[in-house]
Ligand code: FAD
């Protein structure tokens, strides 16, 4: 099976809200105790907010829920789910973290959206929603908590999680429902490989605690499970001693082969450069990206580059045909970590000597560990100031096998994304490209990784490519969606197997055939029947409808 992104990526609207909204609300109110029913809002303000997201590609009316639910504890969520299960026609329920999805995944058309941050706001003991055990080296974080707050809480004890996302204003439950990836994943795995235990409310309203040793099937199902099997109300995340600083290295390349070759050397745990970097990412810089092209990875000072550097980079880009590549790496040190500044000096010296970047185009900065983790917020603030944050985001994220990354680069980075047929795309955005080690991912979870050949062969290294664009001018959104579809067509024609990260498909058939493939689909469906037999949860993902 060749798994490809669908050509119809943008074509179909989200599932429509049922016309029986008032029946749904009556059901809810009948099914809930008085105190819990008081936590429901049906006004247009609440339901509008719950029917859009960071993508803002969703038509608000089509995605509008009948109600928004504001729980104070997991038991409130369980009561709501039991009310739906008991109803003659079970209504959809979706957890909404921050709504940072881009295609309506956290919506519940005609049903109920659970406002997850309400758990933190209304908890009787709010500090229990972020409880650090120094002796146990873990944090118990509410599913609604933001990773930025997990960072605050853990660093206060000199501890830190090992695996992060680039952006920290995402909820724990939201990223664990996908995977949670960033430049640390090559070494420590995604966030779903860094969880000790979960509290989950299943689709039938059962409150369960699960881990690798207790209810392991539910634990594995929920991790990367796209909200299909249960709502995460608590995650226990392991911690390690926190460093104080990060040495942040940025290297420029004129070709994809040199970039990816170096990235793979850095992430190879048996190679000569093993252990040199704590963080490895990369990006593509094209001459059509514009201002917002580079918002995502900015140091706290205004730029890595002086004006003279910028002029040299522009000249090199021209020479290289309009496309440059960039490797971002970091080594953490100081604080409670074992690594000293002297270790880092030596490591970076080796790295700068060994790697094949364009000589003279290596940039190094020391920043605090907090500044490094927070690097995307700096860009966010700048975009907000310019009114460029709340715009449509037709993002496309893919996992690709290592053996095809150069074909993909040639066809997409040098081809599809730079074509200026008709009116040029004016917006832009970062294009990320970095490798990960499959061995750090747990095949028992619901996350889907790419395969090659007949769909059975798994290469050890695979790449993530994030085409994370913002549509700022009239017509940008349509043109970007057309380009996304063209990327899919290119992969299909070239036989490049790829899997979407933060996936989006319009029908169950597409999910089964294009995303999961036969064996994995059977497991996903079996788990759905077991934990959410009425298909109540996360219908905005469009994987299942009722009856199953
Ligand atoms: P939502 O969008 O609210 O929900 C996402 C899905 O998860 C929905 O189906 C929802 O129903 C379900 N869900 C939400 N909470 C729960 C819960 N507690 N239990 C069960 N299901 C739940 N991802 C990365 O991996 N790495 C990155 O570096 C990264 N950077 C990003 C930067 C930005 C600016 C944005 C907007 C997104 C980024 N993402 C990244 C994607 C992000 O991980 C997803 O959008 C994710 O869904 C988290 O967003 P959220 O908490 O707002 O979840």
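Looking at (1) at positive phi; (2) more than 16 Å from the ligand (Cβ to nearest atom); (3) within 19 Å of the chain's Cα centre (by Cα), can you tell me which one residue 538 breaks?
(2)
Tell me, yes or no, whether the range 101-110 has at least one residue that is surrounded by fewer than 23 Cβ atoms within 10 Å (Cβ to Cβ) and near the ligand (Cβ under 10 Å from one of its atoms).
yes
State all residues of the range 185-201 that are crowded, with 24+ Cβ neighbours inside 10 Å and in contact (Cβ under 8 Å) with a residue 60 or more places away in the chain; if no residue qualifies, say none.
Listed by number, the residues that qualify are 185, 186, 190, 192, 201.
Within the range 45-98, can you find the residues that are in contact with a helix residue (DSSP H, G or I) (Cβ under 8 Å, 6 or more places away or on another chain), under 22 Å from residue 471 (Cα atoms) and not in a helix (DSSP H, G or I)?
51, 52, 57, 98
Here is a yes/no grid of residues against (1) more than 20 Å from residue 546 (Cβ to Cβ); (2) at pLDDT 95 or above:
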{"site": "491", "(1), (2)": "yes, yes"}
{"site": "501", "(1), (2)": "yes, yes"}
{"site": "506", "(1), (2)": "no, no"}
{"site": "515", "(1), (2)": "yes, yes"}
{"site": "519", "(1), (2)": "yes, no"}
{"site": "523", "(1), (2)": "yes, yes"}
{"site": "527", "(1), (2)": "no, yes"}
{"site": "533", "(1), (2)": "no, yes"}
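Can you name every one of the helices (runs of 4 or more DSSP H) wholly within the range 168-232 that holds 2 or more residues which are away from the ligand (no atom under 11 Å from the Cβ) and closer than 22 Å to residue 526 by Cα?
216-222
For the range 493-509, which residues satisfy the criterion of being under 21 Å from the mean Cα position of the chain (by Cα) and not in a strand (DSSP E or B)?
497, 498, 502, 503, 504, 505, 506
Identify the single condition in (1) at pLDDT 95 or above; (2) closer than 18 Å to residue 397 by Cα; (3) away from the ligand (no atom under 14 Å from the Cβ) that residue 441 does not satisfy, given that it satisfies every other one.
If we test residue 441 against (1) at pLDDT 95 or above; (2) closer than 18 Å to residue 397 by Cα; (3) away from the ligand (no atom under 14 Å from the Cβ), just (3) comes out false.
When residues of the range 149-167 are filtered for being more than 13 Å from the ligand (Cβ to nearest atom), under 22 Å from residue 280 (Cα atoms) and not in a helix (DSSP H, G or I), how many remain?
The qualifying residues number 4.
Which one of the conditions (1) away from the ligand (no atom under 16 Å from the Cβ); (2) touching a strand residue (DSSP E or B) at 6+ places or on another chain (Cβ under 9 Å) does residue 257 fail to meet, given that it meets all the rest?
(2)
Filter the range 441-456 down to residues that are touching a residue at least 60 places away in the same chain (Cβ under 8 Å) and over 15 Å from residue 401 (Cα atoms), then give me how many there are.
5
Only one residue in 141, 128 is in a helix (DSSP H, G or I) and farther than 30 Å from residue 273 by Cα. Which one?
On inspection, the qualifying residue turns out to be 128.
Taking the range 100-131 as the region of interest, how many residues are touching a helix residue (DSSP H, G or I) at 6+ places or on another chain (Cβ under 8 Å) and under 18 Å from residue 180 (Cβ atoms)?
Matching residues across the range 100-131 total 6.
Quickly run through the range 465-486 and pick out the residues that are assigned to a helix (DSSP H, G or I) and either within 13 Å of the ligand (Cβ to nearest atom) or out of contact with any helix residue (DSSP H, G or I) (no Cβ under 7 Å at 6 or more places or on another chain) (or both).
476, 477, 478, 479, 480, 481, 482, 484, 485
The values are calculated or read from the model by the stated rules, or taken from the named source; none is laboratory data. Quick caveat, the model's predicted, so the values are computed rather than measured. Note that we place each Cβ from the backbone using ideal geometry, even for glycine, and neighbour counts take in every protein chain shown.
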